[in-house]
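Q: I am attaching a structure below and will ask some questions about it afterwards.
The values are calculated or read from the model by the stated rules, or taken from the named source; none is laboratory data. Keep in mind the model is a prediction, meaning the values are calculated, not measured. Cβ placement follows ideal geometry from the backbone for every residue including glycine, while neighbour counts extend to all protein chains displayed.
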Amino acid sequence: MIPVRRSSGLWWGLLGVAAFSFTVPFTRLAVAGLPPLFVASGRAVLAAALAAIALAATRQPLPRGRQLLRLGVVAGGVVLGFPLLTSFALTTAPASHGAVVVALLPAATATAAALRGRERPRPAFWLAMLVGAVAALLFAMFQGGGFGRLHWSDLLFFGAMVAAAIGYAEGGLLSRELGAWQTVSWALVLAAPVMVLLTGVSMAGAPLTASPEQWGAFLYLGVVSMFLGFFAWYRGLAIGPMAQVSQVQLVQPVLGICWAGLLLGEDLGWATILGGIAVVLCAGVAVRVRLNPS
């Protein structure tokens, strides 16, 4: 086994996060011209085809027993849950809004990793998580038109965050057994029958018409967000330490907000900027507390 430096895990994780930072803006762009169900399921089918080719070409051994069940958890979180929920949420919500609401993903991933590893984080960790969740909730409410008015898209964003955190944590552990790119590839292949069915349903209603930019965004989601990005991300999580690598996700919402303004021309008001800062800071505190349990 070739030894690796721990610092390389952070660099692999950062590369994966950079690839993922375009996911929310490009999803917003794609669903402007394509059905959200097609965007969510079709990109998974595209990624699954690439994954099947890679697995067959390298003659990877089949997962066995409990590994299949764990792959089902990964598939449910990052292949089905996150893409499906965010695609429908972004039919109405701006990309910058979604980037802020899911900014708690690093802390949520650290929480899932702690629960999965049966750890007992300090009370300060849970306090930071609670404050961050409240900050994200208040931001969503005020952006939705006033206190107490939580839009349905925000519920979808929160659900997507939970699904991704569980998938990331389980995938990071499983990649130590199957390999980084092999884990996401097997998860894509395992979910392929369901995603093919959903893609067929989404195409049955009306012909697909979209601009070249929207098709380009869809291709990025399938090739990079759903496939190549996970090569780097799960590689980083496998090298670890998982909680420290998950911390680089703090960069993702910042990049996502910037891309929303630069690529989509969204108006980034002070509420979005301050909300993003507050949620990212809370997530950062939560992850750092878990990294320093003493």
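Q: Just to verify a result, which residue in region 206-242, among those that are modelled with pLDDT of 90 or more and polar (S, T, N, Q), is nearest to the chain's Cα centre (by Cα)?
A: Step by step, filter region 206-242, then rank; the result is SER225.
Q: When you check ALA108 against the structure, is it closer than 20 Å to GLY229 by Cα, in contact (Cβ under 8 Å) with a residue 40 or more places away in the chain and crowded, with 24+ Cβ neighbours inside 10 Å, yes or no? Walk me through it before giving the result.
A: Values: closer than 20 Å to GLY229 by Cα: yes; in contact (Cβ under 8 Å) with a residue 40 or more places away in the chain: yes; crowded, with 24+ Cβ neighbours inside 10 Å: yes.
It is true that ALA108 is closer than 20 Å to GLY229 by Cα, in contact (Cβ under 8 Å) with a residue 40 or more places away in the chain and crowded, with 24+ Cβ neighbours inside 10 Å.
Q: Answer yes if at least one residue in region 243-266 is in a loop (DSSP other than H, G, I, E, B) and at pLDDT 70 or above, and no otherwise. Let's see the steps before the verdict.
A: Within region 243-266, the first condition is being in a loop (DSSP other than H, G, I, E, B), and the residues that meet it are 265-266.
From what is left, the residues that are at pLDDT 70 or above are 265-266.
There is at least one residue in region 243-266 that is in a loop (DSSP other than H, G, I, E, B) and at pLDDT 70 or above.
Q: Quick one: which residue in ALA210, ALA192 is surrounded by fewer than 24 Cβ atoms within 10 Å (Cβ to Cβ), assigned to a loop (DSSP other than H, G, I, E, B) and of a type in the set (A, V, I, L, M)?
A: Working: ALA192 fails: assigned to a loop (DSSP other than H, G, I, E, B).
After ruling out the rest, the residue left standing is ALA210.
Q: For the condition in a helix (DSSP H, G or I), surrounded by fewer than 20 Cβ atoms within 10 Å (Cβ to Cβ), at pLDDT 70 or above and at negative phi, what is the one hit in ALA164, ALA160, ALA124? Before you say what the answer is, go through the steps one by one.
A: Values: ALA164 fails: surrounded by fewer than 20 Cβ atoms within 10 Å (Cβ to Cβ); ALA160 fails: surrounded by fewer than 20 Cβ atoms within 10 Å (Cβ to Cβ).
ALA124 is the lone residue from the list that is in a helix (DSSP H, G or I), surrounded by fewer than 20 Cβ atoms within 10 Å (Cβ to Cβ), at pLDDT 70 or above and at negative phi.
Q: Is it the case that region 57-73 has a residue that's in contact with a Gly (Cβ under 6 Å, 6 or more places away or on another chain) and of a type in the set (A, V, I, L, M)?
A: Kept after step one, since they are in contact with a Gly (Cβ under 6 Å, 6 or more places away or on another chain), are these residues of region 57-73: none.
Checking region 57-73: not a single residue is in contact with a Gly (Cβ under 6 Å, 6 or more places away or on another chain) and of a type in the set (A, V, I, L, M).
Q: Considering every residue within region 76-89, establish whether at least one is among the β-branched types (Val, Ile, Thr) and over 12 Å from the mean Cα position of the chain (by Cα).
A: Just the residues of region 76-89 that are among the β-branched types (Val, Ile, Thr), to begin with: 78-79, 86.
Checking the rest, the ones that are also over 12 Å from the mean Cα position of the chain (by Cα) come to none.
No - not one qualifying residue is present in region 76-89.
Q: All but one of (1) buried (at least 20 other Cβ atoms within 10 Å of the Cβ); (2) over 14 Å from the mean Cα position of the chain (by Cα) hold for ALA32, so report the exception by its number.
A: So ALA32 meets the others, but not (1).
Q: Something else now. Modelled with pLDDT of 95 or more, in contact with a helix residue (DSSP H, G or I) (Cβ under 9 Å, 6 or more places away or on another chain) and over 30 Å from ILE257 (Cα atoms), is that true of ALA56?
A: On the way: modelled with pLDDT of 95 or more: yes; in contact with a helix residue (DSSP H, G or I) (Cβ under 9 Å, 6 or more places away or on another chain): no; over 30 Å from ILE257 (Cα atoms): yes.
Judged against the criteria, ALA56 is not a match.
Q: Now a separate question. Tell me which of these ALA278 doesn't satisfy, since it passes every other one: (1) at pLDDT below 70; (2) closer than 19 Å to TRP11 by Cα.
A: (2)
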